[in-house]
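In what follows, a structure is listed as structure tokens, so that the remarks can point back to it.
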Amino acid sequence: MFRRDSLSRYLTDYLRLGPGAGLAFALLTVLAFTTAHAQKQNGRSAAGGPPFLELTSSAQRIRVCAGDPASVELRARASSQSGVPLRYKWASDGGRIAGGGANTTWDLSGMRPGVYRATLEVDSGTDDTCAAFSSAAVVVTECPEVPPTCPAVSISCPDSVAPDQVVSFTASISGGSVLTPDYTWTVTAGRIVSGQGTRTIQVDTAGMGGQTITASLDVHAAGLVCPASCSIQVSVPKLDCRKFDEFSKIPRDDEKARLDSFAIDVQNIPGSTAYVIVYPAREARQGEAEQHTNRLVDYLVSSRGIDPGRIIKLIGPIGPVLRVELWTCPPGARPAGLLR
């Protein structure tokens, strides 16, 4: 092996001579260097000679992606035949090499896809010792396109709500790749009164007693539809019979007017039941209370069109005077306690 400075000088002279004379010059040069080198080797100790060098890398292919390692460990195994300490000179055509010893780290963060090479030169720093060279190549590949993913979508709502109340449904979003979500709400019953297009909606449960309301949410973003839902039970309203009117013996026309109003109230509550209760007078003749009750019911059916199946007539306890009570009972209400 020749000294690097001598070889470089002769190669420069060779390039100046041109193609014709250069070939002869090159042959003479090689012969001269070979002879000189052989003579010098015969006069030196057997310990001289080029260093031994072996270079390895921890990876030959990497992806510079988020979350992936972007560095390679380079390890050199080198020794000098003469036992002289070696110098390490690292270089690369991309990235950054940290450290200058036998083992170093090659950082390729931010590099575009391609092939990059790190080189190492070792020498003893003396004029008589040749250098050794080695290199390691690493391929940086493209990062695969990461498809968008749905976040975890959940909706919070109470287990139940009193009838005719306004209830809130609130969405929570975590994870995924949806940065600017679009909220689309639907409900199976009730009415959304505010919040459409936001994380929280208000739903009116008027008239929904005894029903289940399910609020469903679709979160739209990046071509994805990410659904969630939450259900709530609307409590059954407390159903009580309501006394609509009460009167004693009154003129027939006044009685009909009272019954007209009562009929309207019953018809305004679909499925309700009309109770006609007559409390007989202590001094009344036998059967008078029944006759009075039948007259009231007959008017409700024939003149006001109330289905007779929706009317229940009762005779109450005897009192000082004849008394009439008209009660309206909505569907499901219990008429207990009507007779007093």
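Read-outs: derived from the displayed coordinates by stated rules, not from any lab. Keep in mind the model is a prediction, meaning the values are calculated, not measured. Reconstructed Cβ throughout: ideal geometry from the backbone, glycine too, with neighbour counts over all protein chains shown.
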Could you count how many residues in segment 188-208 are surrounded by fewer than 16 Cβ atoms within 10 Å (Cβ to Cβ) and either part of a strand (DSSP E or B) or touching a residue at least 60 places away in the same chain (Cβ under 8 Å) (or both)? 6
Pull up segment 67-89, narrow it to residues that are in a loop (DSSP other than H, G, I, E, B) and in contact with a Leu (Cβ under 9 Å, 6 or more places away or on another chain), then point me to the one that is nearest to GLY100 (Cα to Cα). LEU86
Residues of segment 286-340 being closer than 30 Å to GLY207 by Cβ and either part of a strand (DSSP E or B) or among the acidic types (Asp, Glu) (or both), in sequence order, are ASP307, ILE311, ILE312, GLU325, LEU326, TRP327, THR328, CYS329, ARG334
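In segment 289-328, which residue that is of a type in the set (Ser, Thr, Tyr) and surrounded by 16 or more Cβ atoms within 10 Å (Cβ to Cβ) is farthest from the chain's Cα centre (by Cα)? Talk me through it step by step, then tell me what you get.
Going residue by residue through segment 289-328, those that are of a type in the set (Ser, Thr, Tyr) are 293, 299, 302-303, 328.
Filter once more, so that each one left must be surrounded by 16 or more Cβ atoms within 10 Å (Cβ to Cβ): 293, 299, 328.
On the way: THR293: 68, TYR299: 66, THR328: 52 Å.
My answer is THR293.
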Search result, residues across segment 141-169 that are within 18 Å of HIS220 (Cβ to Cβ) and polar (S, T, N, Q): THR149, SER154
Considering only residues of segment 230-267 that are among the acidic types (Asp, Glu) and outside any strand (DSSP E or B), which is surrounded by the most Cβ atoms within 10 Å (Cβ to Cβ)? GLU255
Would you confirm whether any residue within segment 48-55 is part of a loop (DSSP other than H, G, I, E, B) and either in contact with a strand residue (DSSP E or B) (Cβ under 8 Å, 6 or more places away or on another chain) or under 30 Å from PRO227 (Cα atoms) (or both)? yes
Restricting attention to segment 215-242, which residues are free of Cβ contacts under 8 Å to residues at least 40 places away in the same chain and within 30 Å of ARG334 (Cα to Cα)? LYS238
Of the conditions (1) closer than 20 Å to LYS238 by Cα; (2) surrounded by 13 or more Cβ atoms within 10 Å (Cβ to Cβ); (3) not β-branched (Val, Ile, Thr), PRO331 fails just one. Which one is it? (2)
Please enumerate the residues belonging to segment 294-312 that are touching a Leu at 6+ places or on another chain (Cβ under 8 Å) and under 16 Å from THR273 (Cβ atoms). LEU296, LEU300, ARG304, ILE306, ILE311
